[in-house]
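Scroll down for the structure; my scribbles are underneath it.
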Amino acid sequence: MIATADKLLQNKVAIVTGGNGGIGFGIAQGLLAASCAVIIAGRDRKKNESTLETLRKTHTECKDFIFDANSESSRKNLINFALETYGRVDILVNNAGITRRSLEPDLLSDLDWRQVVDTNLNSIHYLTSALVPNMKKAGSGKIINIGSMMSIFGSGYAASYSASKGGVVQYTKSCAVAWAKYNIQVNAILPGWIDTQMTDGLKTSAPVRYQEITGRIPANRWGRPEDMAGIAVFLSSQMSDYITGAAIPVDGGYSVY
């Protein structure tokens, strides 16, 4: 029997990396609204605390954790915290990510390239690999990796970001194949142009470009973080038990043409 939406994830526990803002915050809101316990993991203590305060106005079962995606000890501590607090982790949302831009790919520094790939791709593998034995033991699990519409097509000014997000999709498919026998579903969400802190600067620095982008989006607007909530809840629930290895654009139709 399928539960109603507000109880869909009752008794489930989720970790959302980068859950203290933007897309991660929108996903955390959705999971909480479906009665899931959520740990928001982010680097910025003040931002974590502010986000937690906001979320707890309507949902009490939410905690935060200071988390560095590129630190092995931080990854281990996050998992230990979740297991010690709740005894299980049913859902992992790998959302932490950064971008670095340059006019052309060869103008991006080696350091910037490594930081983007380490944060957006390598850290997903490391955290997932550390957590998945617990899901195997439990006999089920949901892993959601946040890619990008740039997983589908490239970007001359964000080559490292596009490459890392393309890698996220192929990693998702690989894990889906490997872990299906453990009843673990692994899927990717590919956000389009979403109004977040990461994209806010475009409105003022390149207003013409901002309007050009808006004009190409069939939905005729940029996405909002809360637009990620529905697909995240669906992919976290029993309703998606026969879906794995999928990469689902949530972009208002931008990537259609």
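Every read-out reported here was derived from the displayed coordinates using simple, explicitly stated rules and does not represent laboratory data. Computed from a predicted model, the values in this text were never measured in an experiment. We place every Cβ from the backbone using ideal geometry, glycine too, and count neighbours over all the protein chains shown.
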Sequence-distant residues sharing a close amide H with Lys63 (under 5 Å, placed H): Val38, Ile39, Ile40
Which of Lys12/Lys203; Lys76/Lys142; Lys12/Lys57; Lys7/Lys46; Lys136/Lys173 exceed 28 Å between C-alpha atoms? The answer is Lys12/Lys203; Lys7/Lys46
Under 10 Å, Cα contacts only: if you run a Gaussian network model on the chain, which one of Lys47, Lys12, Lys57 comes out with the highest mean-square fluctuation? Lys57
If R₀ is 45 angstrom, what is the calculated FRET efficiency for the pair Asp106 and Asn80, using the beta carbon separation as r and rounding to 0.05? 0.60
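For Ala180 and Thr60, calculate 0.36 nm times their separation in residues minus their Cα-Cα distance, and state this gained length in nm to one decimal. If you can, show how the numbers build up before the last one.
Values: separation 120, 0.36 × 120 = 43.20 nm, distance 3.29 nm.
Stretched fully, the Ala180-Thr60 segment lengthens by 39.9 nm.
How big is the charge dipole of the chain about its Cα centre, in debye rounded to the nearest 20, if each Lys and Arg gets +1 on its Cβ and each Asp and Glu gets -1 on its Cβ?
Values: 26 positive and 22 negative charges, 84 e Å.
For this selection, approximately 400 debye.
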Extend 7 Å from the Cα of His125 along its Cα-to-C-beta direction; within region 147-170, residues with backbone N under 15 Å of that point are 163-170
If you scale each eigenvalue of the Cα gyration tensor by 5 and take the root, what three semi-axes come out for region 167-207, rounded to whole angstrom and sorted largest first? 35, 9, 6
Histogram of C-alpha separations across region 53-194, 5 Å bin width, %: 2, 10, 18, 19, 19, 15, 10, 6, 2, 0
Starting from the 7 Å offset along Cα-to-Cβ, what nm value, one decimal, do you get for the label separation of Ala138 and Ala219? 2.9
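So, with +1 on the Cβ of K and R and -1 on the Cβ of D and E, and no other charges, what is the size of the charge dipole of region 86-210 about its Cα centre, to the nearest 20 debye?
Values: 12 positive and 8 negative charges, 111 e Å.
Dipole about the Cα centre, nearest 20: 540 debye.
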May I ask for the Kirkwood hydrodynamic radius of region 1-60, worked out over all distinct Cα pairs and given in angstroms to one decimal? 11.6
For region 88-136, the fraction of alpha-carbon pairs in successive 10 Å shells from zero, as %: 23, 39, 23, 12, 3
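Relative contact order for region 115-257 using alpha-carbon pairs under 8 Å, separation at least 6, rounded to a whole percent?
Working: 204 pairs, mean separation 41.4, N = 143.
Across region 115-257, relative contact order equals 29 percent.
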How large are Rg and Dmax for region 205-250 when calculated on the C-alpha trace, in angstrom? 14.9, 44
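Note the per residue figure in Å³ for the convex hull of the C-alpha positions in the chain. All intermediate terms of the calculation are to be shown ahead of the outcome.
On the way: hull volume 33.6 nm³, N = 257.
In the chain, the Cα hull volume divided by residue count equals 131 Å³.
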With 10 Å bins from zero, work out the P(r) of region 119-193 over every alpha carbon pair and list the percent per bin. 20, 49, 24, 7, 0
Above 22 angstrom, tally the Cα pairs of region 1-107 and express them as a % of all pairs, no decimals. 32
Under a Gaussian network model of the chain whose springs join Cα atoms within less than 10 Å, the largest fluctuation of Lys63, Lys203, Lys142 belongs to Lys203
